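Each reported figure results from applying straightforward, stated rules to the coordinates on display, with no laboratory input. Not measured: the values here are computed from a predicted model. Methodologically, a virtual Cβ is constructed for each residue, glycine included, from the backbone with ideal geometry; neighbour enumeration extends over all protein chains shown.
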Amino acid sequence: MNLLDVLLLLVAATGDLREFLARRDYASAVAFYSQRPDDPASVRNLARVYDHWQRFDSSRFWWQRARDLEPGNDSATTGYWYALLHDSEPDSLRLLSARQAVAAEAVALLAETTARNLTLAYDGLSRTDKSLAQNVSRLLTGLFPDSPRGHEIIGTTFYDSLYPVWSNDTAKVPLIYRFLARYPNSEWRQTFWMFLLSSRFGLKDTAGLRADAAAMVADDSLDPFRYRYAATLLNRFGLDPVQAEAYARRAIALEPGATRPPNKPQEQWDIDYPPLSGSARLALAEALMAQNRYDEAERWLRDALGRFRWDANQEATPGPFHSLLGEVLLAQADTTTAVAEFLAAMQAGDSRNLWTARADTNLQRLGFAPQRKQLELGRLRLAYTGPRFNDITDSIGLGDRRESRVAWGDYNNDGFDDLLLNGCRLFRNNSGIVFTDVTDSVGLTTASGRGGVWADYDNDGWLDFWMSASSGLDKLWRNDSGRFRDATEEAGTPADSFPTEGAAWADFDNDGWVDLYCANYENWEQQRYYPDRLWRNIAGRFVDWTDSGGIKPPFGTDLAGRGVNWGDYNGDGLNDCYVSNYRLCENLLWHNNGDRTLENRAGRLGISGDEVRGWYGHTIGSEWADYDNDGDLDLFTADLAHPRYIDFSNRSRLYENSGPEAYPRFVDRRAASGIRYEETHSDPAWADV
């Protein structure tokens with residue numbers, strides 16, 4: 001049985017269209033769903049296949065067929081509108097006619113102001129008549145604020161209003177009050193109130209904080225999240241511990257009965273709810289400690305620790321409980337046990353680095369400074385037997401550096417790797433004793449970059465480097481026996497003026513000369529992404545091989561490139577290229593065909609990311625490695641995954657390569673392997689330490 005047969009059986013068993021779409025196996029999907037042309041569900045899926053394929057003439061036909069079979073199906077109506085408008089885009093007159101037709105249907109729905117009709121009307125008018133759509137949105141959010149579309153509109157409007165004043169708490173306070181007044185019956189009120197209290201905290205407005213906290217819990221007296229948050233902020237201010245205690249106790253009492261609000265995605269609830277039991281107990285213990293009720297505080301913290309369970313899909317750790325318990329014990333003069341709790345807090349970590357910082361401060365106050373003493377104590381008390389690293393940044397001459405991108409390479413062939421920072425500051429490694437800034441002395445005074453990658457592009461035995469320029473054209477710096485000169489133009493100008501966030505060398509055509517792939521990023525103000533580049537090295541001179549090599553993203557749509565990683569994932573002796581993309585874009589795997597061309601197989605192999613409503617993830621960096629020692633390369637992709645968008649934003653993935661006979665070839669093992677979700681994963685690196 002081949003892979004297509006397996007796919008067809010899987011889809012037949014599950015009815016899951018996503019299996020076809022994820023792998024962009026459109027022809028097989030059409031063949032499968034065309035078997036039942038009179039079944040409304042099959043016809044709608046067929047239309048969705050053509051939508052995804054961007055063959056809008058066919059999707060329009062099948063959406064119309066779906067409407068004929070099931071006239072009252074709303075997804076068929078909106079699907080038809082979507083396809084009609086996209087199919088008409090190449091012809092301005094046809095597009096105008098299509099917009100008028102969609103708008104007329106949408107307006108007709110306004111004869112009845114039900115949630116369903118207003119939602120459909122808004123969906124149609126938002127694509128055809130922005131002004132009228134705005135009027136409908138006000139009606140929909142006023143009459144039906146917790147309808148799915150009404151909820152979505154309110155949330156989008158709120159955050160869009162907040163972003164311009166995100167760092168201005170003074171401006172945020174009246175803005176949030178306006179939203180509270182405008183939407184008296186919305187699920188979003190919890191969010192409004194919490195942002196309001198956060199701004200009061202930022203302004204150090206204790207009177208406003210107390211008043212708004214009281215108003216917030218009165219607004220919904222059965223919401224444990226509000227009580228917990230109010231207690232936490234009062235504790236942070238050291239303000240009214242008696243009231244903080246009351247809020248925290250109420251949160252604890254209400255927590256077991258908390259239910260997911262209808263519009264909160266299950267994935268987000270699964271992040272928000274599980275830590276509530278512990279965080280409410282933490283808030284209570286802190287309020288009790290402020291009242292010198294140490295025994296009670298200790299009991300609640302130990303209760304929280306007893307309830308805590310590690311979860312690879314949660315950011316929560318027991319670090320905060322250990323940290324506060326250390327403070328409680330220290331207040332009772334039990335220094336030995338307090339130190340153990342502070343060390344446990346440091347070991348567990350804290351995703352917001354609040355409680356671990358407090359534990360660190362307390363250890364320093366107890367005389368465990370500098371950090372080296374903390375490490376020695378922690379290793380001893382925790383019976384640590386793993387690899388040991390010592391921080392030598394200052395002693396080796398790099399203590400004052402603030403660059404964010406590094407590249408190792410032995411530029412002077414003395415056997416010691418040197419350090420290139422941000423692609424423009426070079427530090428010579430003096431026999432592993434100290435680093436010396438040699439930027440000026442080696443000819444790099446004028447270099448100004450955002451990052452660099454080393455390679456001997458001309459095969460003369462000296463490492464050169466390519467630099468992504470901070471402005472203007474990128475540069476290729478040639479190493480002439482330890483001194484550098486700009487060889488960009490003479491080497492064929494492997495450069496552009498786009499912001500390159502990821503670049504990597506590999507000999508993709510096996511001709512003995514390293515080639516270069518550059519992943520270009522975005523212009524955020526213009527909401528524009530830039531095309532990548534593949535530079536083929538022909539005997540030391542570069543040719544833009546992007547088009548010749550088949551480097552064309554899906555449907556010709558540029559993506560927000562962030563990382564490049566070459567690796568032979570299928571063991572055929574040819575380097576393949578994985579490209580990490582940001583802004584909820586799909587990732588790419590350029591499979592090497594062996595004829596100097598590449599093709600994207602990420603979707604087919606299951607490593608483009610998981611698509612949800614057209615979105616993927618914010619992948620920043622990825623890295624190949626054979627983590628399970630089975631002889632083939634596996635892949636880790638590191639994603640920035642905001643909890644608020646977690647229902648459609650990918651977490652990081654550990655893709656295990658199961659070999660050519662497996663389906664799917666790559667399977668995500670991150671959670672099963674114990675790698676915890678964290679919002680801010682960035683650039684991974686593998687090593688056998």
Number of Lys pairs (Cα under 28 Å; 8 or more positions apart or on different chains) in the chain | 5
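Using the reciprocal of the averaged 1/r over all distinct C-alpha pairs, how large is the Kirkwood radius of the range 157-382 in Å?
Working: mean 1/r = 0.0535 Å⁻¹.
The Cα-based Kirkwood calculation yields 18.7 Å.
Can you sort Ser431, Ser186 by how many other beta carbons sit within 10 Å, fewest first?
Values: Ser431 8, Ser186 21.
Starting with the residue having the fewest Cβ neighbours, the order is Ser431, Ser186.
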Using unit Cβ charges (K, R positive; D, E negative) and no other charged atoms, how large, in debye to the nearest 20, is the dipole of the chain about its Cα centre?
-> 2720
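Trypsin sites (Lys or Arg not before Pro), restricted to the range 187-233: which are DSSP loop and have at most 10 other Cβ atoms within 10 Å? Don't skip to the end; give the middle numbers.
Working: sites: Arg189, Arg200, Lys204, Arg210, Arg226, Arg228; in loops: Lys204.
Hits after loop and neighbour filter: Lys204.
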Over the range 324-427, what is the mean sequence separation of C-alpha contacts under 8 Å (at least six apart), divided by residue count, expressed as relative contact order in percent?
-> 13
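As a test of the definition: which semi-axes, in Å, follow for the range 251-341 when you take the square root of five times each eigenvalue of its alpha carbon gyration tensor? Largest first, please. Walk me through the numbers before you get to the answer.
Numbers: eigenvalues 162, 43, 13 Å².
Whole-Å semi-axes of the equivalent ellipsoid: 28, 15, 8.
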Using 1/(1 + (r/R0)^6) with R0 = 25 angstrom and r between the beta carbons of Ser404 and Gln54, what's the FRET efficiency to the nearest 0.05?
-> 0.10
Could you run the Karplus curve 6.51 cos²θ - 1.76 cosθ + 1.60 with θ = phi - 60° over the range 214-231 and give me ³J(HN,Hα) per residue in whole Hz, x for Gly and Pro?
-> 5, 5, 5, 6, 5, 5, 8, 6, 10, 9, x, 5, 5, 5, 4, 5, 4, 4
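By how many nm would the segment from Ser198 to Val107 lengthen if fully extended, with 0.36 nm per residue of separation less the alpha-carbon distance?
Net length gain for the segment: 28.6 nm.
For the chain, calculate the relative contact order in percent as a whole number, restricting contacts to Cα pairs under 8 Å that are 6 or more residues apart.
6
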Counting sequence-distant residues (5 or more places) and residues on other chains, those with an amide H built under 5 Å from that of His618 are Leu584, Leu640, Asn650
May I ask you to work out the translational diffusion coefficient for the chain at 37 °C, viscosity 0.692 mPa s, via Stokes-Einstein with Rh from the Kirkwood sum over Cα pairs, reported in whole µm²/s?
-> 112
Using the C-alpha gyration tensor of the range 58-114, what are the square roots of 5 times its eigenvalues, in whole angstrom, with the largest one first?
-> 20, 16, 7
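Mind ordering 607-619, 294-306 by average Cβ neighbours within 10 Å, highest first?
Details: 607-619: 20.7, 294-306: 18.5.
Listed from highest to lowest mean packing, they are 607-619, 294-306.
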Cα-based Rg and Dmax for the range 600-689, where Dmax is the largest Cα-Cα distance (Å) = 13.0, 40
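Subtract the Cα-Cα distance of Thr157 and Ala27 from 0.36 nm times their separation in residues, and report this length gain in nm to one decimal. Before the final figure, lay out each step's value.
Values: separation 130, 0.36 × 130 = 46.80 nm, distance 3.98 nm.
Full extension from Thr157 to Ala27 adds 42.8 nm.
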Taking neighbour Cβ counts within 10 Å as the exposure measure, how do Arg541, Arg178 sort from fewest upward?
-> Arg178, Arg541
Per-residue ellipticity at 222 nm for the chain, helices alone: DSSP H runs ≥ 4 residues times -39500 (n - 2.57), over residue total, nearest 500 deg cm²/dmol?
-> -13000 deg cm²/dmol
Under a point spin-label approximation (7 Å from Cα along Cα-to-Cβ), what is the Thr259-Arg483 distance to one decimal in nm?
-> 7.8
Per-residue ³J(HN,Hα) for the range 298-315, Karplus 6.51 cos²θ - 1.76 cosθ + 1.60, θ = phi - 60°, Hz, x for Gly and Pro = 4, 4, 5, 5, 5, 4, 4, 5, x, 8, 5, 10, 5, 9, 5, 9, 10, 7
If you project the alpha carbons of the range 191-321 onto the principal axes, what extent comes out on each, in Å, largest first?
-> 39, 39, 24
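Can you tell me, using C-alpha contacts under 8 Å and at least 6 residues apart, the relative contact order of the range 3-144 as a whole percent? Could you put the intermediate results ahead of the total?
Working: 142 pairs, mean separation 18.2, N = 142.
Computed over the range 3-144, the figure is 13 percent.
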Table column - 3J(HN,Hα) (Hz), the range 431-440, Karplus curve with 6.51, -1.76, 1.60, x for Gly and Pro | 6, x, 9, 7, 9, 10, 6, 10, 3, 6
Distance in Å, no decimals, from the C-alpha centre of the range 463-488 to the one of the range 224-279 is 55
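Can you pull the Rg over Rh of the range 3-144, Cα-only, Kirkwood? Show your work: numbers first, answer last.
Details: Rg = 16.9 Å, Rh = 16.2 Å.
Answer for the range 3-144: 1.04.
Taking only the C-alpha atoms, wrap a convex hull around the range 485-614 and report its volume per residue in Å³ as a whole number. Let's see the in-between values first.
Working: hull volume 14.4 nm³, N = 130.
Spread over its residues, the Cα hull of the range 485-614 gives 110 Å³ apiece.
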